[in-house]
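Working notes for the structure below.
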Amino acid sequence: GSGGMGVVFEAVQVRTNRRVAIKVIRGAWLDDERTRRLFFREAEVLGRLKRSGIAAIHDAGETKEGSPYFVMELVDGQPLDEWSEGKSIDAKLDVAMQIADAVDHAHEKNVIHRDPKPSNVIVTDDDEAKVLDFGLARIVDPSNNASLTAAMSGNVIGTVCYMSPEQARGLASKVTPASDVYSIGVLIYELTAGRLPHDFEG
(Lines give C-alpha, C1' and ligand atoms only; values in the text may rest on other atoms or scores of the structure.)
Protein backbone atom coordinates (compact mmCIF):
# COMPACT_ATOMS: atom_id res chain seq x y z
CA GLY A 1 0.00 0.00 0.00
CA SER A 2 0.98 3.65 -0.22
CA GLY A 3 0.37 6.73 1.89
CA GLY A 4 1.28 10.39 2.14
CA MET A 5 5.05 9.99 1.89
CA GLY A 6 5.82 6.31 1.77
CA VAL A 7 5.13 2.87 0.44
CA VAL A 8 4.46 -0.15 2.65
CA PHE A 9 5.57 -3.64 1.67
CA GLU A 10 4.71 -6.98 3.21
CA ALA A 11 7.85 -9.04 3.84
CA VAL A 12 9.25 -11.95 5.82
CA GLN A 13 12.01 -11.42 8.38
CA VAL A 14 14.35 -14.26 7.47
CA ARG A 15 15.87 -15.06 10.86
CA THR A 16 12.54 -15.21 12.69
CA ASN A 17 10.34 -16.23 9.73
CA ARG A 18 7.75 -13.67 10.84
CA ARG A 19 5.71 -11.54 8.47
CA VAL A 20 6.39 -7.83 8.83
CA ALA A 21 5.53 -4.52 7.19
CA ILE A 22 8.31 -2.36 5.75
CA LYS A 23 7.57 1.34 5.33
CA VAL A 24 9.88 3.16 2.89
CA ILE A 25 10.18 6.77 1.70
CA ARG A 26 10.34 6.86 -2.09
CA GLY A 27 10.36 9.25 -5.01
CA ALA A 28 10.43 13.03 -4.65
CA TRP A 29 10.03 12.80 -0.87
CA LEU A 30 13.62 11.55 -0.59
CA ASP A 31 14.98 15.06 -1.13
CA ASP A 32 12.66 16.67 1.42
CA GLU A 33 14.57 16.97 4.69
CA ARG A 34 11.42 17.75 6.70
CA THR A 35 9.78 14.56 5.40
CA ARG A 36 12.83 12.52 6.38
CA ARG A 37 12.73 14.02 9.88
CA LEU A 38 9.02 13.21 10.22
CA PHE A 39 9.64 9.68 8.99
CA PHE A 40 12.37 8.94 11.53
CA ARG A 41 10.33 10.71 14.22
CA GLU A 42 7.57 8.16 13.62
CA ALA A 43 10.11 5.36 14.15
CA GLU A 44 11.29 7.07 17.36
CA VAL A 45 7.72 7.45 18.60
CA LEU A 46 6.87 3.80 17.92
CA GLY A 47 10.02 2.79 19.76
CA ARG A 48 8.65 4.45 22.90
CA LEU A 49 5.31 2.65 22.78
CA LYS A 50 4.78 -0.90 24.04
CA ARG A 51 1.10 -1.79 23.96
CA SER A 52 -0.87 -4.54 22.27
CA GLY A 53 -3.13 -1.89 20.74
CA ILE A 54 -0.23 -0.15 18.95
CA ALA A 55 1.68 -1.73 16.06
CA ALA A 56 5.23 -2.50 17.28
CA ILE A 57 8.40 -1.38 15.50
CA HIS A 58 11.24 -3.88 14.96
CA ASP A 59 13.98 -1.97 13.09
CA ALA A 60 14.83 1.24 11.19
CA GLY A 61 17.55 2.40 8.82
CA GLU A 62 18.30 3.32 5.20
CA THR A 63 18.56 1.22 2.05
CA LYS A 64 21.76 1.14 -0.02
CA GLU A 65 20.14 3.77 -2.24
CA GLY A 66 19.53 6.07 0.75
CA SER A 67 15.79 5.48 1.18
CA PRO A 68 14.81 5.61 4.87
CA TYR A 69 12.74 2.66 6.07
CA PHE A 70 11.42 1.04 9.18
CA VAL A 71 10.20 -2.48 9.85
CA MET A 72 7.12 -2.97 11.96
CA GLU A 73 4.51 -5.46 13.01
CA LEU A 74 2.26 -6.52 10.14
CA VAL A 75 -1.39 -6.10 11.10
CA ASP A 76 -3.95 -8.15 9.18
CA GLY A 77 -7.42 -6.70 9.35
CA GLN A 78 -9.75 -3.97 8.12
CA PRO A 79 -9.81 -0.20 8.64
CA LEU A 80 -12.17 0.69 11.48
CA ASP A 81 -14.94 2.08 9.25
CA GLU A 82 -15.01 -1.03 7.04
CA TRP A 83 -14.84 -3.38 10.03
CA SER A 84 -17.73 -1.67 11.78
CA GLU A 85 -20.34 -2.42 9.10
CA GLY A 86 -22.92 -4.80 10.56
CA LYS A 87 -21.19 -5.04 13.96
CA SER A 88 -23.16 -4.85 17.20
CA ILE A 89 -23.01 -1.78 19.40
CA ASP A 90 -21.26 -3.86 22.08
CA ALA A 91 -18.53 -4.92 19.64
CA LYS A 92 -18.08 -1.32 18.51
CA LEU A 93 -17.82 0.00 22.06
CA ASP A 94 -15.31 -2.72 22.97
CA VAL A 95 -13.09 -1.66 20.07
CA ALA A 96 -13.58 2.01 21.02
CA MET A 97 -12.27 1.22 24.52
CA GLN A 98 -9.23 -0.51 23.00
CA ILE A 99 -8.48 2.56 20.87
CA ALA A 100 -8.82 4.87 23.88
CA ASP A 101 -6.53 2.59 25.92
CA ALA A 102 -3.84 2.58 23.20
CA VAL A 103 -3.89 6.37 22.82
CA ASP A 104 -3.89 6.78 26.61
CA HIS A 105 -0.70 4.69 26.72
CA ALA A 106 0.84 7.03 24.13
CA HIS A 107 -0.09 10.00 26.33
CA GLU A 108 1.57 8.33 29.33
CA LYS A 109 4.75 8.20 27.21
CA ASN A 110 4.39 11.92 26.34
CA VAL A 111 3.24 11.22 22.79
CA ILE A 112 0.26 12.98 21.21
CA HIS A 113 -0.99 11.12 18.11
CA ARG A 114 -2.67 14.16 16.45
CA ASP A 115 -4.46 12.12 13.78
CA PRO A 116 -6.81 9.51 15.27
CA LYS A 117 -9.26 8.55 12.50
CA PRO A 118 -10.82 5.34 11.13
CA SER A 119 -8.12 4.72 8.50
CA ASN A 120 -5.45 4.86 11.23
CA VAL A 121 -7.08 2.02 13.16
CA ILE A 122 -6.99 -1.57 11.88
CA VAL A 123 -9.24 -4.17 13.50
CA THR A 124 -8.18 -7.81 13.23
CA ASP A 125 -10.40 -10.83 12.63
CA ASP A 126 -10.33 -11.34 16.42
CA ASP A 127 -11.79 -7.83 16.92
CA GLU A 128 -8.53 -6.45 18.28
CA ALA A 129 -7.87 -2.80 17.43
CA LYS A 130 -4.41 -1.59 16.43
CA VAL A 131 -3.65 2.13 16.25
CA LEU A 132 -1.30 2.97 13.37
CA ASP A 133 0.44 5.93 11.74
CA PHE A 134 2.19 8.06 14.31
CA GLY A 135 3.78 10.09 11.50
CA LEU A 136 2.21 13.35 12.74
CA ALA A 137 2.77 12.61 16.43
CA ARG A 138 4.04 15.26 18.82
CA ILE A 139 6.49 14.26 21.55
CA VAL A 140 6.33 16.50 24.62
CA ASP A 141 9.33 16.88 26.91
CA PRO A 142 7.71 16.88 30.37
CA SER A 143 10.68 18.65 31.97
CA ASN A 144 10.03 21.89 30.09
CA ASN A 145 6.82 21.17 28.14
CA ALA A 146 8.76 21.71 24.92
CA SER A 147 7.31 20.15 21.81
CA LEU A 148 9.65 17.86 19.90
CA THR A 149 7.88 17.97 16.57
CA ALA A 150 8.34 19.17 13.03
CA ALA A 151 5.04 21.07 13.17
CA MET A 152 4.98 24.86 13.28
CA SER A 153 2.20 27.06 14.60
CA GLY A 154 -0.02 28.15 11.74
CA ASN A 155 0.25 24.80 9.94
CA VAL A 156 -2.90 22.70 10.02
CA ILE A 157 -1.84 19.08 10.48
CA GLY A 158 -4.26 16.18 10.68
CA THR A 159 -7.64 15.27 9.18
CA VAL A 160 -10.13 18.14 9.33
CA CYS A 161 -13.32 16.36 10.36
CA TYR A 162 -11.61 14.68 13.35
CA MET A 163 -9.57 17.70 14.51
CA SER A 164 -10.04 19.53 17.76
CA PRO A 165 -10.73 23.28 17.38
CA GLU A 166 -7.21 24.27 18.46
CA GLN A 167 -5.68 21.85 15.98
CA ALA A 168 -7.90 23.07 13.15
CA ARG A 169 -6.77 26.63 13.89
CA GLY A 170 -3.11 25.61 13.47
CA LEU A 171 -2.27 26.33 17.13
CA ALA A 172 0.44 23.70 17.44
CA SER A 173 1.48 24.84 20.93
CA LYS A 174 -2.10 24.36 22.17
CA VAL A 175 -2.36 20.75 20.99
CA THR A 176 -2.36 18.51 24.08
CA PRO A 177 -3.60 15.00 24.94
CA ALA A 178 -7.06 16.61 25.17
CA SER A 179 -6.87 17.19 21.41
CA ASP A 180 -6.58 13.42 20.85
CA VAL A 181 -9.46 12.87 23.28
CA TYR A 182 -11.61 15.19 21.15
CA SER A 183 -10.65 13.28 17.98
CA ILE A 184 -11.43 9.94 19.61
CA GLY A 185 -14.79 11.36 20.68
CA VAL A 186 -15.56 12.18 17.05
CA LEU A 187 -14.35 8.74 15.98
CA ILE A 188 -16.57 6.99 18.56
CA TYR A 189 -19.56 9.18 17.62
CA GLU A 190 -19.16 8.16 13.99
CA LEU A 191 -18.58 4.52 14.95
CA THR A 192 -21.79 4.32 16.98
CA ALA A 193 -24.08 6.80 15.21
CA GLY A 194 -23.01 6.06 11.64
CA ARG A 195 -22.27 9.70 10.82
CA LEU A 196 -19.98 12.54 11.86
CA PRO A 197 -21.18 14.96 14.54
CA HIS A 198 -20.62 17.93 12.21
CA ASP A 199 -21.52 18.58 8.57
CA PHE A 200 -18.37 18.97 6.50
CA GLU A 201 -20.01 19.20 3.08
CA GLY A 202 -19.08 22.15 0.90
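Residues that are among the acidic types (Asp, Glu) and either open to solvent by 10 Å² or more (accessible area, probe 1.4 Å) or in a loop (DSSP other than H, G, I, E, B) (or both) within region 178-197 comprise just one, GLU190. Restricted to region 1-112, the set of helices (runs of 4 or more DSSP H) holding at least 2 residues that are open to solvent by 50 Å² or more (accessible area, probe 1.4 Å) and without any contact (Cβ under 8 Å) to a residue 24 or more places away in the chain comprises 89-108.
If you go through region 31-40 one residue at a time, do you hit one that is modelled with pLDDT of 90 or more, under 18 Å from ALA106 (Cβ atoms) and of a type outside the set (Asp, Glu)? No. Could you tell me whether SER164 is modelled with pLDDT of 85 or more, open to solvent by 30 Å² or more (accessible area, probe 1.4 Å) and closer than 27 Å to ASP81 by Cβ? For SER164, the condition - modelled with pLDDT of 85 or more, open to solvent by 30 Å² or more (accessible area, probe 1.4 Å) and closer than 27 Å to ASP81 by Cβ - is not met. What residue, among those in region 167-177 that are farther than 27 Å from LYS92 by Cβ and in contact with a Ser or Thr (Cβ under 7 Å, 6 or more places away or on another chain), is surrounded by the most Cβ atoms within 10 Å (Cβ to Cβ)? Among residues in region 167-177 that are farther than 27 Å from LYS92 by Cβ and in contact with a Ser or Thr (Cβ under 7 Å, 6 or more places away or on another chain), the one surrounded by the most Cβ atoms within 10 Å (Cβ to Cβ) is ALA172.
Scanning region 116-152 for residues that are over 18 Å from LEU187 (Cβ atoms), open to solvent by 40 Å² or more (accessible area, probe 1.4 Å) and modelled with pLDDT under 85 yields a count of 8.
The values are calculated or read from the model by the stated rules, or taken from the named source; none is laboratory data. Predicted, not measured: the structure shown is a model, and the values here were computed from it. Please note: Cβ atoms are built from the backbone with ideal geometry, for glycine as well, and neighbour counts cover all protein chains shown. The protein model used for the area step is the full one, side chains on, heavy atoms only, and it has no ligands, DNA or RNA in it. Shrake-Rupley method; radii C 1.70, N 1.55, O 1.52, S 1.80 Å.
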